[in-house]
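Asker: Please read through the structure below; I'll follow up with questions.
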Amino acid sequence: MDTKKIEQLAKQITDSIPPGVRDMADNIENRVKLTLQQQLGKLDVVTREEFEIQQQMLLRLRQRIEVLEKAAHDDNASQPATVQGADEASSVDTTN
């Protein structure tokens, strides 16, 4: 159906509603909008742009963590391996 025809039909329906009823409907609509705005204002919501910025920051932090973890792993792998039991032998009490 053509959008112009839909708009014309909606206008005809709106125009056919008695003014008192139309005013009451407008009043109800305004109250609903106000209530929604108040309730949404109480929620801790962010805009889409703020969400995307936080998402990008989180991605960068994850990438940095992965780089640091790899560097730590590489450092541990490059250190000379300790002789197994050397620590145990040094802690044995030889005073007997």
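Here, each number is a calculation from the coordinates, and none is a lab measurement. Quick caveat: nothing in here was measured; it's all calculated off a predicted structure.
Asker: Expressed as cubic angstrom per residue, what is the convex hull volume of the alpha carbon set of segment 1-45?
Answerer: Taking the convex hull of the Cα positions in segment 1-45, it is 83 Å³ per residue.
Asker: Among all the lysines, which ones have a C-alpha under 26 Å from Lys42's C-alpha, if same-chain residues fewer than 8 places away are not counted?
Answerer: Here the lysines satisfying the reach criterion relative to Lys42 are Lys33.
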